[in-house]
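Undergrad: Have a look at this one.
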Amino acid sequence: MLAYIVKRLLATIPVMATVAVIVFMLLHLTPGDPAALIGGDLATPEDLRRIREQLGLERPIAEQFLGWLWQVLQGDLGTSLFNQMPVSQLIAQRIEPTLIIGLTIMTFAVIVAIPLGVVAAWKAGSWIDQLIMTLAVIAFSMPIFLIGYLLIFKFSVELKWFPVRGYQPMSAGPTKFFPHIVLPSLTVSFIYIALLTRMTRATVLDVLNQDYMRTARAKGMTTPRILAVHALKNAAVPIVTMVGIGLSSLLGGIVVTETVFAIPGMGRLMIDAIIRRDFPILQGVILVLSALYVLINLLIDLSYSLFDPRIRY
Amino acid sequence: MNIRTSFARALGAAGVAIAAGMATAAVAQEKDTFRFAASSDIRVIDPIWSLEYNSRNHGYLVYDTLFAFDSKFQVKPQMVDTWTVSDDKLRYAFKLRPGLTWHDGTPVTGADCVASIKRWGQRDSIGQALIAAAGEIKATGADSFEIVLKEPFGHVLSALAKTGSPVPFMMPERIAKTSGFEQIKEVIGSGPFMFARDEWVPGDKAVYKKFKGYKPRSEPSDFMAGGKVAKVERMEWVFIPSAATAAAALIAGEVDWLEHPPSDLLPTLQNNKDITVRAVDPFGMQTMIRFNHIHPPFDNEKVRRAVLQTIDQSEYLRVLSDDKRSWEPCRSFYFCGTRFGKDVAPEQLLFKKNLDEAKKTLAASGYKGEKVVLLDAVDDGILHPVTVVLFDNLKAIGMNVELRATDGATIFALMLKQEPIAQGGWNIGPQYADSTNYSVPFLNNALRAGGVGKASIGWPKNEAIETLRAAFLKAPEAEQGAIADKIQQEAYAASLYGLTGQYKQLTAYRTSVEGLIDSPIPLFWNVSKK
């Protein structure tokens, strides 16, 4: 297994290099000039040149890229063009809320969706199955921002149970930390509960029709044991894959939720950097997210052997 | 009652208790902390290097100025204690107030002020003019300095009191020696609040703490002048990207002041007894139509005039707000209600849309249906609606308009491009500005008419206007008004740019807030919470 892990980690190098080149080139070919935003409408071409020079944007693209690459190899992701903070510090400020909320969403989704999916598969075609699937379609179809605003209105403005906005780190203590993650996590959970429920139902339904399930029933095993031990374990690989993909996409993809709840996460950091053409931040964030994506996929691949003994690395 | 029911009830009770505890924690807000939900965040903390409004607003918290305007537009001393002007008006000597210190505890000196003025003069147009007019700016003692002019300059004090970006904020000499084109590394001011850099999360919040060593002036606070008394221990500048969430945070009491509430939520906020909604900025924003004067067809005055004849300001203002109290038609380039804001426009211009007349003017101009690129910043809540109205009007008079729609940052970079449209240039686009610079003839960038290199975007060239602007700089105060009027008349005659009205954005704050100062800039001294 160690050899497999090393091989997979080495394989990430060309992936990351490709990501780095594409991101760098795309950004620098995009119209928009950070110097223009700094210089204002009175800036003369000479002023803009001086600002660009100070920002290091006057150098040829290849030189800028190589300079940035050399920095990255030394563990330095660069400095923001606007606020002068190291990109690594900005990412460190933002990664906790994104990771915590992403993990909370997926944990909650797994706890709710898997039993629902299993029950729906078990009672396939019944009113219970139809009810669960209808709820899943509704949850999947509801825009995230709408759910977010509805939750804010009910639980923050009316009932005053949770804060409207913001994030408090874990270090601030549970009474400050927990209230801030409840509504954002709940908001995005709906869509993942719906997705996982449908996925679980489909895979468990497939497993339930296998011969060995008939054998298990013939041996007199109880339904809960059949579902939990045999059906779910055999259906786990696609479900775990789905969880992994969901978690990966949550890391960079909860921009809407971060915006609705004013959470300073990675998604907003990235969007702000795009708007401002703050190239070092954007390059750094995408690189870190790509690395996390690759790492999560590796962990998911490794976890397959836990559910399916035929898979060996 | 069985065990299961008891357990469920106990769980329910625990849930309620936890929720109540959470609620208390969530809404608990220290009386000494003031939270301001701004319409955008503070991304650059050097108010000289960056011309963004928010960098300037951050500057007013942290830094102090030598002079300041009061509500009657009179220049009042701020950091300066006394000053003298020689009879020939060429030597200005200043003495600082006793006891002024920087946030690091060191005293403010004349040398600090000299270095700060010189740095500001690298980036500001009136600062550049002051530096050019000055033979010498030097410290004359630990707490004094002087400006010796080579030629008359009628705006020494008002330049040092200016409120538009960049503001001549004072910084310690070692910091102010940084080039104006390079960002400073340290934020050390002598203003009423200190910047808490370790708590700064760009894109989310900036925190300021009361500077205990600040010695406010004894006069009562009056606009930018008078005593700047910090009445709260901590000021948090928070950025809530969703306007609806920001409004909810205000209703829930999580923020004290919401800078720009969304217009569709204004009725909700107005009906809330805990919230006050009003315009704090007495002048608001002016929206305008900028032409690219260096390329056809708007290098032709008649084509520009044809566009001005399509303007009915209320049409442009109505798309910004349906509340008539928040806007007013205004034909002054300097903002109505300000010191120079007189209406000297030709009769009916800008108030009465006349498409037939505009078509005739366009036909007489020689316009042959050339493509006109209209810039549209689709993500800007002010520019985009104005663009839509402008697009309709240009079409209505038969112009061949192509809309170039993209995000505001790209549009801003595009507007600086001087190339013709075949090479990605532009012809026409809306813009807006607040009154801090545009209410002063020399600082109104859109009135700069020196052509390429000596004008702002659009690069108009008009010698009469430039001569008047130069005269304005040298003129004594008593003559400045008449020159300002003449500049306006020349600008109308040249159809320099189109005014589409004055729009006052409403602001909303908790009724517990006291002492808010009416100003185009959000000010936090004098503010307290009941």
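Undergrad: For the range B:285-503, build the convex hull from the C-alpha positions and give me its volume per residue in Å³.
TA: Value for the range B:285-503: 110 Å³ per residue.
Undergrad: Could you tell me the calculated FRET efficiency between residue B:104 and residue A:126, based on Cβ-Cβ distance and R0 = 60 angstrom, to the nearest 0.05?
TA: Result of the calculation: an efficiency of 0.25.
Undergrad: Let me ask another. Under a crude label model (7 Å from the Cα following the beta-carbon direction), how far is residue B:33 from residue A:222 in nanometres?
TA: 5.1 nm
Undergrad: What number do you get for the range B:395-528 when its Cα radius of gyration is normalised by 2.2 N^0.38 Å, N = residues?
TA: Cα Rg divided by the expected 2.2 N^0.38 Å: 1.35.
Undergrad: Using the number of other C-beta atoms within 10 angstrom as an exposure proxy, rank B:163, B:507 with the fewest first.
TA: Values: B:163 22, B:507 19.
Result, fewest neighbours first: B:507, B:163.
Undergrad: Using R₀ = 41 Å, calculate the FRET efficiency as 1/(1 + (r/R₀)^6) where r is the Cβ-Cβ separation of residue B:407 and residue B:87; round to 0.05.
TA: 0.15
Undergrad: At 0.36 nm per residue, and after removing the present C-alpha to C-alpha distance, how many nm does the segment from residue B:461 to residue B:363 gain when stretched out fully?
TA: Working: separation 98, 0.36 × 98 = 35.28 nm, distance 2.37 nm.
Length gained, residue B:461 through residue B:363: 32.9 nm.
Undergrad: Arranged by the count of other C-beta atoms within 10 angstrom, fewest first, what order do A:258, B:328 take? Please report the intermediate quantities before stating the final value.
TA: Working: A:258 26, B:328 17.
Neighbour counts put them in this order, fewest first: B:328, A:258.
Undergrad: Just A:216, A:113, A:121 to compare: in a GNM of chain A, with alpha carbon springs under 10 Å, which one fluctuates most?
TA: Sorting by GNM fluctuation, first place goes to A:216.
Undergrad: Once Lys and Arg get +1 and Asp and Glu get -1 on their Cβ, which of B:248, B:83, B:345 lies farthest toward the positive end of the dipole of chain B?
TA: B:248
Undergrad: Grab the Cα-Cα distance for residue B:392 and residue B:219, subtract it from 0.36 nm times how many residues apart they are, and report the gain in nm with one decimal. Mind showing how you got there, number by number?
TA: On the way: separation 173, 0.36 × 173 = 62.28 nm, distance 5.19 nm.
Gain on stretching residue B:392 to residue B:219: 57.1 nm.
Undergrad: In whole percent, what relative contact order does chain A give with Cα contacts below 8 Å and a gap of six or more residues? Don't skip to the answer; put the middle values down first.
TA: Numbers: 325 pairs, mean separation 82.9, N = 313.
Worked out over chain A, it gives 26 percent.
Undergrad: Taking each full run of DSSP H in chain A as one helix, which ones are at least 24 Å long along their axis (Cα atoms) and have mean Kyte-Doolittle hydropathy of at least -1.0?
TA: Span-like helices, by this rule, are A:2-29, A:87-122, A:174-208, A:236-253, A:279-307.
Undergrad: Please compute the net charge surrounding residue A:223, taking Lys and Arg as +1 and Asp and Glu as -1 over other residues with Cβ under 12 Å from its Cβ.
TA: Local charge sum for residue A:223: +3.
Undergrad: For chain B, what does the helix formula give at 222 nm: sum of -39500 (n - 2.57) over DSSP H segments with n ≥ 4, over the residue count, nearest 500 deg cm²/dmol?
TA: Working: 16 runs with 161 residues, N = 530.
Theoretical 222 nm ellipticity from helices: -9000 deg cm²/dmol.
Undergrad: Farthest toward the dipole's positive end in the range B:285-503, which of B:427, B:499, B:334, given Cβ charges of +1 (Lys, Arg) and -1 (Asp, Glu) about the Cα centre?
TA: Selected residue: B:427.
Undergrad: Label points 7 Å out from Cα along the Cβ direction at residue A:85 and residue A:134: separation in nm?
TA: Each label point is offset 7 Å from its Cα along the Cβ direction, giving 4.8 nm.
Undergrad: Per residue of A:154-164, count partner chain C-beta atoms within 10 Å of its C-beta, then hand back the mean as an integer.
TA: Details: counts 0, 2, 9, 5, 2, 2, 9, 8, 7, 8, 14.
Per residue, the number of nearby Cβ atoms from other chains is 6 on average.
Undergrad: Have a look at B:460, B:261, B:44 and report the one farthest towards the positive end of the charge dipole of chain B, computed about the Cα centre with Cβ charges (Lys/Arg +1, Asp/Glu -1).
TA: Checking the options against the dipole of chain B, the answer is B:261.
Undergrad: Once both labels are modelled 7 Å past Cα along the beta-carbon direction, what's the residue A:141-residue A:210 spacing in nm?
TA: 3.4 nm
Undergrad: Give me the dipole magnitude in Debye, nearest 20, for the range B:319-369 about the Cα centre, with unit charges on the beta carbon: positive for Lys and Arg, negative for Asp and Glu.
TA: 160 debye
Undergrad: May I pose another question? Rounded, prolate or oblate: which fits the range B:55-180 when a ≥ b ≥ c are the square roots of the eigenvalues of the alpha-carbon gyration tensor, with rounded for a/c under 1.5 and prolate only if a/b beats b/c?
TA: It comes out rounded by the Cα gyration axes.
Undergrad: Using a 7 Å offset from Cα along Cα-Cβ at residue A:157, what residues in the range A:237-273 end up with backbone N under 18 Å from the label point?
TA: Counting only backbone N, you get A:257, A:259-263.
Undergrad: P(r) of chain B in 20 Å steps, Cα pairs, percent per bin?
TA: Reading the bins upward from 0: 21, 50, 24, 4, 1.
Undergrad: Now, a different point. What is the extension gain from residue A:229 to residue A:73, computed as 0.36 nm multiplied by their sequence separation minus the C-alpha to C-alpha distance, in nm to one decimal?
TA: Computed gain between residue A:229 and residue A:73 is 51.5 nm.
Undergrad: Please compute, for peptide B:414-424, the average count of beta-carbon atoms on other protein chains lying within 10 Å of each residue's beta-carbon.
TA: Averaged over the peptide's residues, the number is 2.
Undergrad: Order by neighbour count: B:495, B:86, A:303, fewest other Cβ atoms within 10 Å first, most last. Before the final figure, lay out the partial values.
TA: Working: B:495 23, B:86 12, A:303 17.
Placing the least packed residue first, the sequence is B:86, A:303, B:495.
Undergrad: May I ask you to derive the FRET efficiency for residue A:307 and residue A:21 from their Cβ-Cβ distance with R0 = 25 Å, giving the value to the nearest 0.05?
TA: Calculated value: 0.10.
Undergrad: Give me a single rounded figure for A:74-87: the average over its residues of other chain Cβ atoms within 10 Å of their Cβ.
TA: The shielding value for this peptide is 3.
Undergrad: Hey, what's the Kirkwood Rh for the range A:93-307 if you take every pair of different alpha carbons, in angstrom? Before the final figure, lay out each step's value.
TA: Details: mean 1/r = 0.0530 Å⁻¹.
Result for the range A:93-307, one decimal place: 18.9 Å.
Undergrad: What is the magnitude of the charge dipole of the range B:234-366 about its Cα centre, with +1 placed on the Cβ of each Lys and Arg, -1 on the Cβ of each Asp and Glu, and no other charges, expressed in debye to the nearest 20?
TA: It works out to roughly 580 debye.
Undergrad: So, with +1 on the Cβ of K and R and -1 on the Cβ of D and E, and no other charges, what is the size of the charge dipole of the range B:285-503 about its Cα centre, to the nearest 20 debye?
TA: That gives a dipole near 400 debye.
Undergrad: Given the Cα atoms of the protein assembly as shown, and with Rh set as the inverse mean 1/r over their pairs in the Kirkwood sense, what is Rg to Rh to two decimals?
TA: That ratio is 1.03, to two decimals.
FYI, it's all coordinate maths here, none of it is from the lab. No experiment lies behind these values; they were computed from the predicted model shown. Because the Cβ atoms are built from the backbone with ideal geometry, glycine has one as well, and the counts that use them run over all protein chains shown.
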